[in-house]
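What follows is a short report on a single structure.
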Amino acid sequence: MDAKDRKMLDDILSSHRDTRDPAMLILQKVQTSFGYTGQDHLTYISEKSCIPLSKLYGIVTFYPSFRLSPPGKSIIRICEGTSCHVRGGARIVKELERQLGIGPGQTTKDRKFSLESVRCLGCCGISPVVMMDDKTYGRVKATKLAEILATHGGE
Amino acid sequence: MKPRVAIFDFASCEGCELQIANLEEQVADLVQAVDIVSFREVMKEHSGACDIAFIEGSIQRPMDEERIKKIRANAKVLVALGDCACTGCVNKMRNELPVDDALRAVYGNADVRGNELFDLSQSRAIDEVVNVDFYIRGCPVRKEQVLYYVQRFFGMPPQKNLDLRFGINARGMDDDRRSIVNFDPNKCIMCRRCEVVCNEALDVHAIAVANKGFASIMTTPFDIGMDNNKCISCGQCLVNCPVGAYSEVSEVDKTLKLLEDRSNYVVFVIDPIALTSCMDSLPTDETNFGIVVRKLISALKAMKAKEVVDFTQFTYLSIAAQGEYIQNHRDAAFTSWCPSASTYLEKFYPQYAKFMHKESSPENIMLKVLRKRHEVENLKIVFVTPCIVHKSNGAFDAVLTSRELPRLLATKEMRLDFHPHLGVTFDCDLGMIQKFVSGGVSDYTYSLMILKAAYLSKFKNLDAALTIGSREDFIHELTFDSELGVFNALVIEDMSKLRKYLGEDIAKYNVIEFYPCFRGCLTGGGQCLTTSEDEVNRRRARLKSYKGEMESPYEFVSQLISVYDKVKGGI
Ligand code: SF4
Ligand code: SF4
Ligand code: SF4
Ligand code: FES
């Protein structure tokens, strides 16, 4: 973290100096400003605000709107809703995990892809569904995943 | 006769019982192995006594309380089945509301007053009402787990929950063995007692729940491990966990190795407080604490320990050494004997770390005296202590907690009953054991301060020299008017209030003490599990029976001074 980052965090903290139970609001601002809530950020906030680090960590791991690491270039959203599940979504998840070497909520080492699991993308008719950034792929087969990844910059 | 199994429900959704009913064809196996004598979901008849009672749900009403007590009395083994039974779970959320509001929210204006079916008290987990032997977590429980437990009970009956691991790695998570407090997430029933102790009672915040649903886990932030975190290694999570998910790094094997090597001169130093909690698990039928201690000395000698030394005398010497230190440093001094308290200061108030005097701690004095008196090569010191935190002190060759000592004896199938006690005493008597029978003084931190005051005021009348006040519950303020001047002391027995007092101007105190363990070392982080006040009192009584009443502080102090002056050169 550099001086600029610290300044941003200080500003966020001072805007909540008088808020009761400010943890959630502070974390949301950090998430929007930095795109993620990382260990450095949380440690800094905890030291400055006396909110225990364990509490901040509990919050960011509970709510899906927080990320622990910067997002990859492309975000893969894989649907684990009922319909997709029934039609083989779990197999797609496993295969994606295998190919990328990461689980939901994680980002590949080369920072190209982040994997996220979501509940129902609202197009159950074409389940199982995978979204790459804002492009939707329906009736996805495990064998087709490599191809899809390649069109989004994967090897 | 086949073992008799009964399944009972209290306030719950019955989902856990349904899991048992759902065992389907496996139910047939189960029924072959056991007699199910009561199971409302699948059968009508019920009968009383049973070998295992599975209890689902939490306790809400006086009539529930009565019923569970009856069940407990009739059951050999009682298992809390599922989260409602284990922890109270969602049922407990009602406790936030006044009962009338809760009833109105659910039953509207229907008049249910005076109807015993609606006579709600606070919602409680089963172990808040009766003793629970085992816990099976889950909302609902997993049926494989239930089956596994039943098979375990009749195959290889476990002695306690602590011996029982899930046969299946139920949550796919690995043990955390990075720190002196180990953690096995597969045993955890998510009752969050450890979190409450660490965060609310101690205000340390080393651990908390992270993630959610099946992935939820008790952990350190970013999984950095306890030692890298704010954890002060007090072990309170360990003694408060009902299922033994936490454990200490075991040093039993290390100790055995030390004993096997005949060129070693192994000295066991025993803090008698450590024995108060493990007495029940020591291999003996003897019930007199003093005799057990003496038999233990003989048994350890039979295991080739060269000497067995009483730790208490070093605590006494520490009083003298601290007395000197306090006289010479009129700044605030932190004089807790507790290593966790020192770690706390280092981690949370590094600016105060300079006010600690570790040199005068009982362990340091012990190490110095023993090294001085035993100019042998290969002196190996094994410390038997109520406290896990000593394991972080590299100066000992091995540290055994109350939980490990019985395991050490078990490896050699030692029975204490075969070992003599008559005429057996501790070695390395510095001249105090005969006078002040050992037993330790750190039952309450408070009694310790009185001795420190007695030391400082030397031969003055103690009553006149010592004024005891209290700022609030568990926060004591003592003034001792000594021949060397007036000293003010602050004793904090409730860590959750510590920050408030350390935030104040601490310069007005000469001495500050605090301890993380609520009853002092009697319920320390290396002691055997207890959550009951009765058990604490039993431990206290054992110590008392052994120690006897301290004759008089004056006599104690004059004796102490003469011993201290003698050994001081060596300290
Ligand atoms: S050992 Fe003490 S400080 Fe560390 S996690 Fe357990 S309760 Fe908290
Ligand atoms: S580790 Fe033990 S005390 Fe902590 S939540 Fe799990 S079962 Fe409860
Ligand atoms: S109070 Fe006693 S048992 Fe508790 S951490 Fe301190 S030394 Fe250990
Ligand atoms: S369940 Fe996947 S789109 Fe609806």
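The values are calculated or read from the model by the stated rules, or taken from the named source; none is laboratory data. The structure displayed is predicted, hence computed values, not measured ones. All Cβ positions, even for glycine, are placed from backbone atoms using ideal geometry, and neighbour counts span all protein chains on display. The area values use the complete protein model at the heavy-atom level, side chains included, leaving out ligands, DNA and RNA. Shrake-Rupley method; radii C 1.70, N 1.55, O 1.52, S 1.80 Å.
Computed over region A:74-150, the Cα gyration tensor eigenvalues convert (square root of 5λ each) into semi-axes of 19, 12, 11 Å, ordered from largest to smallest.
Look at the stretch B:217-225: the mean tally of other chain Cβ atoms within 10 Å of its residues' Cβ atoms is 4.
Any chance you could give the angle, 0 to 90 degrees and rounded to 10, that helix B:289-302 forms with the longest Cα principal axis of chain B? The helix B:289-302 is inclined about 80 degrees to chain B. For the peptides A:72-78, A:53-59, B:255-261, residues were scored by their other Cβ atoms within 10 Å and the scores averaged per peptide; the highest-first order is A:53-59, A:72-78, B:255-261.
Take every Cα pair under 8 Å whose residues are at least 6 apart in sequence, average their separation, divide by the length of chain B, and the relative contact order is 13 percent. Computed over the protein assembly as shown, the per-residue total of -39500 (n - 2.57) for DSSP H runs of n ≥ 4 gives a 222 nm mean residue ellipticity of -10500 deg cm²/dmol, rounded to 500.
Electrostatic tally near B:Ala73: other residues with Cβ closer than 12 Å to its Cβ, Lys and Arg +1, Asp and Glu -1, net +4. The ellipsoid that matches the Cα gyration tensor of the protein assembly as shown has semi-axes, each √(5λ) in whole angstrom, of 50, 35, 27, with the longest given first.
Note that region B:173-248 carries a Kirkwood radius of 12.1 Å, evaluated over its alpha carbons pair by pair. Sites listed here are trypsin sites (Lys or Arg not before Pro) in region A:1-43 whose DSSP assignment is loop and whose Cβ has at most 13 other Cβ atoms within 10 Å: A:Arg17, A:Arg20.
Give the whole-number value, in cubic angstrom per residue, of the convex hull volume spanned by the C-alpha atoms of chain B.
181 Å³
Residue ranking by accessible heavy-atom surface, 1.4 Å probe, largest first, among B:Glu56, B:Glu25 comes out as B:Glu25, B:Glu56.
Per residue, what volume in Å³ does the Cα convex hull of region B:1-136 take up?
Hull volume over Cα atoms, normalised by residue count, gives 115 Å³.
Counting only DSSP beta bridges with both residues in the protein assembly as shown, the antiparallel share comes to about 40 percent. When the charge dipole of region A:36-110 is built from unit charges on Cβ atoms (+1 for Lys and Arg, -1 for Asp and Glu) and taken about the Cα centre, the candidate among A:Thr43, A:Gln106, A:Pro70 whose Cα reaches farthest toward its positive end is A:Gln106. Taking only alpha carbon atoms, region B:259-305 gives an Rg to Rh ratio of 1.01, where Rh is the Kirkwood radius.
On a 1.4 Å probe surface of the protein chains, which of B:Arg104, B:Arg4 comes out largest in accessible area, and what is the full order? Don't skip to the end; give the middle numbers.
Values: B:Arg104 130, B:Arg4 65 Å².
Sorted by accessible area, descending: B:Arg104, B:Arg4.
Legend: mean number of C-beta atoms from other chains within 10 angstrom of residue C-beta atoms, peptide A:49-58, equals 6. The alpha carbon gyration tensor of region A:3-62 gives principal lengths a ≥ b ≥ c with a/c below 1.5, which makes the shape rounded.
About the Cα centre, and with charges only on the beta carbon of Lys, Arg (+1) and Asp, Glu (-1), how big is the dipole of region B:4-153? Nearest 20 debye, please.
Roughly 260 debye, rounded to the nearest 20.
Each residue of region B:207-215 was assigned a 3J(HN,Hα) from its phi angle through the Karplus expression (A = 6.51, B = -1.76, C = 1.60, θ = phi - 60°), giving 10, 6, 6, 10, 6, 8, x, 5, 7 Hz with x at Gly and Pro. Partners of A:Lys29 within straight-line reach, counting lysines whose Cα lies under 23 Å from its Cα and excluding those fewer than 8 residues away in the same chain: A:Lys4, A:Lys7, A:Lys48, A:Lys55, A:Lys73, B:Lys212. Close amide H contacts of A:Val129 (hydrogens built in the peptide plane, cut-off under 5 Å, sequence separation of 5 or more or a different chain): A:Cys79.
Kindly state, to the nearest 0.05, the FRET efficiency for B:Glu359 paired with B:Thr287, given R0 = 51 Å and r defined as their beta-carbon distance.
The formula returns an efficiency of 0.80 here.
Net charge dipole, region B:173-248: roughly 160 debye, given to the nearest 20, about the Cα centre with Cβ charges of +1 for Lys and Arg and -1 for Asp and Glu. The DSSP beta bridges internal to region A:23-141 are antiparallel in roughly 55% of cases.
Indicate, rounded to the nearest 5 percent, the antiparallel portion of the DSSP beta bridges found entirely in region B:253-570.
35 percent
With the convex hull constructed from alpha-carbon coordinates only, chain A shows a mean projected area of 10.2 nm² over all directions. Taking amide H atoms as placed 1.01 Å from N in the peptide plane, the amide H of B:Asp9 lies under 5 Å from those of B:Glu56, each 5 or more residues away in sequence or on another chain. In degrees, nearest 10, range 0 to 90: what is the angle between the Cα axis of helix B:445-457 and the longest Cα principal axis of chain B? Tilt relative to chain B: about 10 degrees.
Between B and A, buried accessible area from a 1.4 angstrom probe totals roughly 1100 Å², ignoring ligands, DNA and RNA.
Convex hull volume per residue, computed on the Cα atoms of region B:252-348, equals 162 Å³. Please compute the net charge surrounding A:Thr37, taking Lys and Arg as +1 and Asp and Glu as -1 over other residues with Cβ under 14 Å from its Cβ. Local net charge: +1. One equal scatterer on each Cα of region B:103-156, no solvent, Debye formula: the resulting log10 I(q)/I(0) at q = 0.22, 0.25 Å⁻¹ is -0.91, -1.02.
Karplus-based coupling profile of region A:117-122, in residue order and whole Hz: 9, 10, 9, 6, 8, x, with θ = phi - 60° in 6.51 cos²θ - 1.76 cosθ + 1.60 and x standing for Gly or Pro.
Relative contact order, percent, of region B:4-84 when contacts are C-alpha pairs under 8 Å separated by at least 6 residues?
Value for region B:4-84: 41 percent.
The angle separating the long axis of helix B:143-155 from the principal Cα axis of greatest extent in chain B is about 70 degrees.
Peptides B:111-118, A:63-70 ranked from most to least packed give A:63-70, B:111-118, packing being the mean of other C-beta atoms within 10 angstrom over each peptide's residues. Net charge within 13 Å of B:Ala398 by Cβ-Cβ distance, Lys/Arg positive one each and Asp/Glu negative one each, not counting B:Ala398 itself? Charge balance near B:Ala398 sits at -2.
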